[in-house]
Amino acid sequence: MLLEEIRYILEDLERLEQAVVDRLVDEPTQVRDRLNREHEVAQLLDHMQAQSGEALRLYGDAHDMRADEVSLLGDGDPLQLFYRNLDDTLAYHQRYPTDQLDKPELRYRHRPPQPLGEYGYGEFQPTLVDTMFSGEEGFGRYFDLNANYEAFVNLPNVKRLTYLQYLEVFDQFGESNPFLASQKRSDKLTDDYFQYVGGLADYLQGFMRKTRPLENLDRVFAGFDDDFEALWSRDELPSWKTAGSLGAAGGESAGSTADGGAGGSTPQLSSPEAVWCADCEKEFKNQNVYKGHLTGRKHVRAAEQRAQAQSAASHDGSNGNASGVGGAAAAAAHRLKEKAVAAREYRVQRLVAAMSTEKDDTRVNVERRQGMTERERRQELDNLYAMLQESAAAAQAMDVDGGGGRADGQGGEAEGDNDDDDDKVYNPLKLPLAWDGKPIPFWLYRLHGLGVEFDCEICGQYTYMGRRAFEKHFNESRHIHGLRCLGINNPGLFRDITKIEEALRLWDKLEKEKKRNKQDESSVVQMEDAEGHVMPEKVYYDLQKQGLV
């Protein structure tokens, strides 16, 4: 009956709401249990949405079946209708005697995690998140980029680096990544690089879906795509610009890029004196450095390869009798391929920016594990299993105590008093609390030097406890914001500087050296006139404009 189906769905929706509330009221202490709870809630919400859609469909009642059933209940004999439904139910169970009865009250019951001892040491009842993450990921706390690292080091024209160095720069694709400095723009259009950056984006996107099941990530990813389309249409992506000014000193470079071809587009140069070489796809500091590299083997080889590519393209265009149309189509296809690679690079950067905490924790965890022995790693694994066992046993004991409290009010009150006594933590030394809410051991407190205070005047006289927290804060937003308030835009050079006066003094010194180096560069090149007088290049051109030489 249609009314019975609607009643069943509404009852199921109420049970789903209660199941969600039961899970959200409980706040697990373990990362694994907390993430498993979020995945269970996400599954319940999806099922609730599906049931709500089915209820709306039944309420629509395209064939007026619900109205007919309502009229039948109002006009007919209620007892006769009841006994008819009872006979149908009895006939069903006689026809299927082995069919198990459905117990709706147990369908969405929240079950606490089981202790390890019930299934043997090293074995526990599997949950939703147990098969989602690898051992390196630690239930969503760290990245596991070993496969992506292997793909990165096998790319052409990439400098060798360690896994720890890769974790620091894997989201950098421009000139800020020193290990990609020798990589040309054409190298990014290869299948190997496309598969690498695509695999990295897919991994990070899947990792975010696994660690944030309650967020609307589809809308977040759609926002990333919209932002990329806006930047691409305005040609504002730094590494993928199509046009740029070569400056007054770029006569030779302009001639080298005027032929077009695969490297015909010129990116934005860092300074007016910089020169772009289209053959090598590389920027040079000034005209003299550019001229000096023209006789090198790398430039000669790159020029030959570019000339061969241009001749092959012109030959294909002449065979088709449509060189102009073919060239435009090839340029459009080339730009489309660049857009596909740039979209994946932008997606990686936005994903890493959204998961900056996981990135920093991964680097710290890898650095810590590299300094551990095999015995220490086994001990850490044993401690992890012990913590899971304690958490599961505590959750099960809490569940049993809760049931006993409902059966006997006085007993529950007494047990509640004992729980309050157990919750009081004895911490006379004011030690920091660990993950379980208990103070850390005093030897660990002394080992990490957490009793030593470090003040940072740039951070607003903020006090950091321990050397590790103090060194880590130089890369955090609080310290970087303090430097920017002082007008300092390069925080990497101001590590271990905490005084405002020292930072300003160093910044002024760097600015003066930059200006002095810029002035010295103009006097490096010496010119000689017809009479043999030697003078700087700038003075020579000034006198030449005045007609004195």
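FYI, it's all coordinate maths here, none of it is from the lab. Because the structure is a prediction, the values reported are computed rather than measured. When we count neighbours, we look across all protein chains shown, and the Cβ atoms used for this are built from the backbone with ideal geometry, even at glycine.
If amide H atoms are built 1.01 Å from N in the plane of the peptide, which residues on other chains or at least 5 residues away come under 5 Å of the amide H of Met527?
Met535, Glu537
Among Ile480, Ile497, Ile458, flag the residue with its Cα farthest along the positive direction of the charge dipole of the range 453-498, charges on Cβ as +1 for Lys/Arg and -1 for Asp/Glu.
Towards the positive end, the residue furthest out is Ile480.
Once you charge only the Cβ atoms, +1 for Lys and Arg and -1 for Asp and Glu, what is the size of the charge dipole of the range 453-498 about its Cα centre, to the nearest 20 debye?
With Lys and Arg at +1 and Asp and Glu at -1, about 180 debye.
Please work out the Cα center distance from the range 132-164 to the range 332-388, rounded to the nearest Å.
Between the Cα centre of the range 132-164 and that of the range 332-388, the gap is 7 Å.
Ranked by Cβ crowding within 10 angstrom, fewest neighbours first, how are Arg344, Arg209, Arg378 ordered?
Listing Arg344, Arg209, Arg378 from fewest to most nearby Cβ atoms yields Arg378, Arg209, Arg344.
For the range 2-110, what are Rg and Dmax over the alpha carbons, in angstrom?
Both quantities, over Cα of the range 2-110: 18.8, 59 Å.
Filter the chymotrypsin sites (Phe, Trp or Tyr not before Pro) in the range 428-481 to those in DSSP coil with at most 11 other Cβ atoms within 10 Å of their Cβ, and list the result. Intermediate results must be reported in sequence, preceding the final value.
Details: sites: Trp435, Phe442, Trp443, Tyr445, Phe454, Tyr462, Tyr464, Phe470, Phe474; in loops: Trp435.
Sparse-neighbourhood loop chymotrypsin sites (Phe, Trp or Tyr not before Pro): Trp435.
At q = 0.22 Å⁻¹, what is the log10 ratio I(q)/I(0) for the range 436-478, with the Debye formula run over Cα points and no solvent?
Listed by q, the Debye log ratios stand at -0.75.
With +1 on the Cβ of every Lys and Arg and -1 on the Cβ of every Asp and Glu, and nothing else charged, how large is the dipole of the range 2-110 about its Cα centre, in debye rounded to the nearest 20? Spell out each step's value before the answer.
Details: 13 positive and 25 negative charges, 95 e Å.
The dipole of the range 2-110 has a size of about 460 debye.
Could you tell me the calculated FRET efficiency between Met65 and Arg219, based on Cβ-Cβ distance and R0 = 45 angstrom, to the nearest 0.05?
Details: r = 37 Å, r/R0 = 0.83.
The formula returns an efficiency of 0.75 here.
Between Ile500 and Arg468, what is the FRET efficiency for a Förster distance of 25 Å, r being their Cβ-Cβ separation, to the nearest 0.05? Show your work: numbers first, answer last.
On the way: r = 24 Å, r/R0 = 0.96.
Efficiency, rounded to the nearest 0.05: 0.55.
Please pull out the direction-averaged projected area of the range 433-549, using the convex hull of its alpha-carbon atoms, in nm² to one decimal place.
Details: hull surface 47.3 nm².
Orientation-averaged projected area of the Cα hull: 11.8 nm².
Provide, in order from the shortest bin, the percent of all Cα-Cα pairs of the range 453-498 in each 10 Å bin, continuing until the bin that contains the maximum pair distance.
Bin by bin from 0 Å, the calculated values are 29, 61, 10.
Measure up Lys241/Lys337; Lys210/Lys472; Lys159/Lys282; Lys285/Lys509 against 19 Å on the Cα-Cα distance and list the ones that go over. Provide the component values of the computation, followed by the final result.
On the way: Lys241/Lys337 14 Å; Lys210/Lys472 27 Å; Lys159/Lys282 16 Å; Lys285/Lys509 23 Å.
Lys210/Lys472; Lys285/Lys509, as the Cα separations exceed 19 Å there.
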